[in-house]
Amino acid sequence: MRVLAELDVTVLLLGHAGWDPATSRRVPLVLDAPAPAPPERLEAWSAALGPELAKSDDMRQLIGTFRLTPEQIGRAGAAARLRAAHAGTELEAEHVRAGALG
């Protein structure tokens, strides 16, 4: 980490942990990235699940409880589809809940 932090080029690191002063002698610019707004999350869920399913009232209520990034939503949707295929059923809320929770 110290080698990356002390390079003479711009380095962008993404994560949940804050800057540790022991990591580098250089002080970094630390920014918080805002969470995607509900319309952006709904768009990502629509892409992951299909617009009809993602926009149903029950599903909108369920997916509204998760604060996931678009990438996490894509993975949650893929996991939900795998669970439904394994169960031999149509994609259901329980598959989506399990996919989102990991």
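Among residues other than residue 98 whose Cβ falls under 11 Å from its Cβ, what is the net charge (Lys/Arg +1, Asp/Glu -1)?
0
Can you compute the label reach from residue 35? Point 7 Å from Cα along the Cβ direction, backbone N cut-off under 11 Å, restricted to the stretch 69-92.
69
Counting pairs of alpha carbon atoms under 8 Å apart in space and at least six apart in sequence, what relative contact order in percent does the chain give?
So the answer I get is 20 percent.
Could you give the dipole magnitude of the stretch 1-75 about its Cα centre, charging the beta-carbon of Lys and Arg +1 and that of Asp and Glu -1, in debye to the nearest 20?
200
Mind checking the per residue accessible area of the chain for me, 1.4 Å probe, whole number of Å²?
Here the residues of the chain average 75 Å² of exposed surface.
So how far apart, in nm, are the two label points at residue 47 and residue 19 if each is 7 Å from Cα heading toward Cβ?
Each label point lies 7 Å from its Cα, and together they span 3.1 nm.
Under a Cβ-only charge scheme (Lys and Arg +1, Asp and Glu -1), can you give me the dipole magnitude of the stretch 41-102 about the Cα centre, in debye to the nearest 20?
Charge dipole of the stretch 41-102: 240 debye, to the nearest 20.
Give me the percent of accessible area attributable to carbon and sulfur for the stretch 9-99, probe 1.4 angstrom.
57
Between 0 and 90 degrees, rounded to the nearest ten: what's the tilt of helix 38-49 against the longest Cα principal axis of the chain?
That works out to roughly 60 degrees.
With unit charges on the beta carbon (Lys/Arg positive, Asp/Glu negative), name the residue among 51, 76, 18 whose Cα is farthest towards the positive pole of the charge dipole of the chain.
Of 51, 76, 18, it is 18.
How far is helix 70-87 tilted, in degrees, relative to the longest principal axis of the Cα atoms in the chain, given as a value from 0 to 90 rounded to the nearest 10?
The helix 70-87 is inclined about 40 degrees to the chain.
The values are calculated or read from the model by the stated rules, or taken from the named source; none is laboratory data. Since we're looking at a predicted model, the values are computed, not measured. Heads up, the Cβs are rebuilt from the backbone with ideal geometry, glycines too, and the neighbour counts pull from every protein chain shown. For accessibility, only protein heavy atoms count, side chains too; no ligands or nucleic acids. Shrake-Rupley method; radii C 1.70, N 1.55, O 1.52, S 1.80 Å.
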